[in-house]
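Read the structure below first, then the notes.
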Amino acid sequence: MPLDSLDRSTPAFFRQGLSSTLKLILLGALSIGLMFADHRLQMSQPIRAALSMALMPLQWASLLPGRLVDATGQYFQGVESAQDAQLKYQALTISQAQRLQRVEQLEAENTLLRELLSLQAQHPTNSKVCEILYGVQDPYSEKLIINKGSLAGLQAGSAVIDAQGVVGQVTRTYPMRSEVTLLIDRSQHISIMNARTGVRYVAQGLPNSMGGALELQYVPTNADDQKDDLLVTSGIDGVFPAGLHVGRISTVDRKVNSSFARVLAYPASERKGRHVLVISPASKEARS
């Protein structure tokens, strides 16, 4: 039997109920009616509220991963920002500390320079302010190098002082710089006077005692020298002007079996600053 001769219509057994077109019309009308009733009477509002409350945990759970990711990113971003701020603060603190140290150093240098200028006013024609360049690294001598020499009029034998007292003596000059032997060098001798008693002595440098000291030569055992007595230049050597501070007596050791006492003094100058005052020898000034 040919296939095109078969009856393709729905059997009468399955033809029951309304037609599809009628169902569409009825359902559409019902939908419009329900929407109108909901709009006017708010009939679905309780249902929506109940569904919203029921679905809220699911919504919160669905949003939780994103919130955790955002919170984690914000945490690490905050940590990084805090670390950057800490580094900037530390750098600023170090910079401010360095500036404060420079200001304190400049204030101290200005104070010492003013004191040197006041000393220079006492020797206006034969003194020059010089800067200390460096110290000579020699275990057998105590010396400094200053930034002026023979071209600036400096000469060997000139006294070198600072605001606290005598530093040493110019022992060698070059055209642009000079060599200063410190008072505590073993080769240095200076004529001094005890400011309290008026007795004169000769002091020699002791570089290895008390970090650098002076020893008074040939002090009688019965001499009236006491601890903390001020020692000043006597002026009789023709090199150092009279009255400059040299040091203070630190120890007086009177031995029974010796005719001389051992008297040690620490120098007045502590060489805190970078500048010194060089004074031409008093004897040469007098001859000029």
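The values are calculated or read from the model by the stated rules, or taken from the named source; none is laboratory data. As the structure is a computational prediction, the values presented were derived from the model and not from experiment. Methodologically, a virtual Cβ is constructed for each residue, glycine included, from the backbone with ideal geometry; neighbour enumeration extends over all protein chains shown.
Tell me, which strands (runs of 3 or more DSSP E) wholly within the range 198-275 include 1 or more residues that are in contact (Cβ under 8 Å) with a residue 60 or more places away in the chain and surrounded by 16 or more Cβ atoms within 10 Å (Cβ to Cβ)?
Where strands (runs of 3 or more DSSP E) fall fully within the range 198-275 and carry at least 1 residues being in contact (Cβ under 8 Å) with a residue 60 or more places away in the chain and surrounded by 16 or more Cβ atoms within 10 Å (Cβ to Cβ), they are 200-206, 230-233, 245-253, 260-267.
Restricting to the range 133-157, name every residue that is within 21 Å of Arg114 (Cα to Cα) and in a loop (DSSP other than H, G, I, E, B).
Passing the criteria: Asn147, Lys148.
Tell me yes or no: at least one residue of the range 136-157 is modelled with pLDDT of 85 or more, in contact with a Lys or Arg (Cβ under 9 Å, 6 or more places away or on another chain), closer than 24 Å to Ser234 by Cα and β-branched (Val, Ile, Thr).
No; the residues of the range 136-157 include none that is modelled with pLDDT of 85 or more, in contact with a Lys or Arg (Cβ under 9 Å, 6 or more places away or on another chain), closer than 24 Å to Ser234 by Cα and β-branched (Val, Ile, Thr).
Could you grab me the full set of residues in the range 207-258 that are among the hydrophobic types (A, V, I, L, M, F, W, C), over 16 Å from Val167 (Cβ atoms) and touching a strand residue (DSSP E or B) at 6+ places or on another chain (Cβ under 7 Å)?
The answer is Met210, Leu216, Val219, Ala223, Leu230, Ile236, Ala242, Ile249, Val252.
Identify the residue in the range 274-288 that is touching an Asp or Glu at 6+ places or on another chain (Cβ under 9 Å) and of a type in the set (Gly, Ala, Ser) and, among all such residues, is modelled with the highest pLDDT.
Going through the qualifying residues, I end up with Ala282.
Those residues that are of a type outside the set (Lys, Arg), assigned to a loop (DSSP other than H, G, I, E, B), free of Cβ contacts under 8 Å to residues at least 40 places away in the same chain and more than 16 Å from Lys128 (Cβ to Cβ), I need them from the range 169-197; list them, please.
Those that are of a type outside the set (Lys, Arg), assigned to a loop (DSSP other than H, G, I, E, B), free of Cβ contacts under 8 Å to residues at least 40 places away in the same chain and more than 16 Å from Lys128 (Cβ to Cβ): Gln188, Ala195, Thr197.
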